[in-house]
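Here the structure comes first, spelled out in structure tokens, and everything after it is commentary.
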Amino acid sequence: MNDKNHIGYIENGINLDHIPHGNAWYVMKVLNLFNSHSQAGIGLNLPSKKLGTKDLIKIENRVLTQNEIDAISLFCTGSTLSIIKEFKVIDKFTLELAKVVNDIIVCPNKRCVSHQHVSRFNTFVNRKDITIVKCHYCEKEFNIEDISQYKF
Amino acid sequence: MQGLISIADLDKNKIIEILKLSKLFKNGLRKKTLDGKVIASCFFENSTRTRLSFESAVAHLGGSTIGFADSSATSLATKGESLADTLKILSCYADALIIRHPLDGAARLASEICDIPVINAGDGANQHPTQTLLDLFSIMDSQGRLEGIKLGIMGDLKFGRTVHSLVEAVKWFGMQLYFIAPKHLRMGDEALFNLKTSGIQYSFHNSLDEVAHELDCLYLTRLQKERFVDEVISDTYKVNLASLANVKPNFKILHPLPRQEELPVEIDNTPYAYYFEQAQNGLYVRQALLDILFTNGSVD
Ligand SMILES: [Zn+2]
């Protein structure tokens, strides 16, 4: 059984496969799929040889900016991003955790100057294997699961 | 040209270079490094002590300052101009910018927007690197060394900004730390983990009496009453004459000032009171910083 059968073909758009199980929800939040006009197919708890269980997201008529790709990489390290044009995969690559995420994350620190400018977060994986983002401006560190707001 | 935004931007050698030069200024060194230079001293929130210390340092080096002491008194706050635009304009008038701002990260933002070096004089709850430098200098100058110092830190260790920056910097100097705080105001796990990885020894204590006789220096922080559960607990974290009965002869008390009840005036007349000299040291440290900045073209 392949994924296409699950949630349909994409004509133009993106296919984000091998999302770690449970993380599709965060990607939907980062890309604000709830309030966008693009049609999207979400696959949850799909069987995967590589991961055991995986999530999958396909979005019609959506192009991702580099900043957006960097932001979803927080939740999608190792996932494959395919760019699709007229039903054909024209580009495909594996996501690695971006070192810096510009503009997309809204700093949870209300007193942070980034709210008056453009946000910038440095990323790293801590000793407990949790992905942490550190605000370049206020220097505060956050567990990515605690980021509740993204810019859109 | 680089200024100074965060204490983490400095390595050990740079810190030592600044502290050594501070000592020369304290001993009477006179330089006119800032002759003909204009330094913008922009205090978006009031901090008279820090501002005057910086402006005095500029004047001692032969420079002049322009700026404001509180942005609410200027048109900046009322005309709705973005902070970025304001900073851009300010940087046209001066050779360097000293900035104090209530928002965390404002100094970092300023350093990215301005073409001139920026010195952080306090950005919200985040950083105040010259305070940390003058704290280190005060330990060094009162004890003759930094390595191996037994440093007690008492009060609010969880939220206190000066304490966090100081602890971040002592990692270079192999000090032994004694944290004296109620359980709910202890230093956070991450900060402790960083100390451990840097090989710094530390221990926890419930009162000054337990450890006073071992300490070389005691760093006191302002006691914010609302953070303490009750009066009795907050009383435990005040210094009193009795608690100083068995301290070592070289023992000194440091405090970033302004003080509250944690440091009663009766301590001022003891040989252990160092905090006024500590405040004065700020002048020498800021002179040293500005001198290095304009002599080398960069602090870091
Ligand atoms: Zn921030």
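Any chance the range A:89-111 includes a residue that's within 12 Å of chain B (Cβ to nearest Cβ), open to solvent by less than 10 Å² (accessible area, probe 1.4 Å) and at pLDDT 95 or above?
yes
Return the residues of the range B:181-202 that are among the β-branched types (Val, Ile, Thr) and under 21 Å from the mean Cα position of the chain (by Cα); say none if nothing qualifies.
Result: B:200, single match.
If I go through the range B:94-112 residue by residue, how many of them are at pLDDT below 95 and farther than 23 Å from residue B:131 by Cα?
0
Residue-by-condition table, conditions (1) assigned by TED's automatic domain parsing to the domain that holds residue B:16; (2) assigned to a strand (DSSP E or B); (3) crowded, with 16+ Cβ neighbours inside 10 Å:
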position	(1), (2), (3)
B:179	no, yes, yes
B:196	no, no, no
B:213	no, no, no
B:238	no, no, yes
B:258	no, no, no
B:263	no, no, yes
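Give the residue, chosen from A:125, A:100, that is farther than 30 Å from residue A:11 by Cβ and touching a helix residue (DSSP H, G or I) at 6+ places or on another chain (Cβ under 9 Å).
Exactly one residue qualifies, and that residue is A:100.
Would you tally the residues in the range A:107-152 being of a type in the set (A, V, I, L, M) and within 9 Å of the ligand (Cβ to nearest atom)? Let's see the steps before the verdict.
We begin by selecting, within the range A:107-152, every residue of a type in the set (A, V, I, L, M); these are A:113, A:118, A:125, A:130, A:132-133, A:144, A:147.
From what is left, the residues that are within 9 Å of the ligand (Cβ to nearest atom) are A:113.
Going through the range A:107-152 one residue at a time, the tally reaches 1.
Going through the range B:10-51 one residue at a time, which ones are within 23 Å of residue B:88 (Cβ to Cβ), surrounded by fewer than 20 Cβ atoms within 10 Å (Cβ to Cβ) and touching a Pro at 6+ places or on another chain (Cβ under 8 Å)?
Result: B:45, single match.
Please specify each residue of the range A:125-143 satisfying the condition of being of a type outside the set (Asp, Glu), surrounded by 12 or more Cβ atoms within 10 Å (Cβ to Cβ) and either assigned to a strand (DSSP E or B) or assigned by TED's automatic domain parsing to the domain that holds residue A:25 (or both). So that I can check it myself, show each step before the final result.
First, pick out the residues of the range A:125-143 that are of a type outside the set (Asp, Glu): A:125-128, A:130-138, A:140, A:142-143.
After this cut, where a residue has to be surrounded by 12 or more Cβ atoms within 10 Å (Cβ to Cβ) as well, the list is A:126, A:131-138, A:140, A:142-143.
Hits for the range A:125-143 are A:131, A:132, A:133, A:134, A:135, A:142, A:143.
Which helices (runs of 4 or more DSSP H) sit wholly inside the range B:43-132 and have at least 1 residues that are under 16 Å from the mean Cα position of the chain (by Cα) and within 14 Å of another protein chain (Cβ to nearest Cβ)?
B:106-113
Provide a single number: the residues in the range A:34-66 that are within 18 Å of residue A:101 (Cβ to Cβ) and buried (at least 17 other Cβ atoms within 10 Å of the Cβ).
So the count comes out to 1.
The values are calculated or read from the model by the stated rules, or taken from the named source; none is laboratory data. Keep in mind the model is a prediction, meaning the values are calculated, not measured. Cβ coordinates were reconstructed from backbone atoms using ideal geometry, including for glycine residues, and neighbour counts include every protein chain displayed. Only protein heavy atoms, including side chains, enter the accessible area calculation; ligands, DNA and RNA are left aside. Shrake-Rupley method; radii C 1.70, N 1.55, O 1.52, S 1.80 Å.
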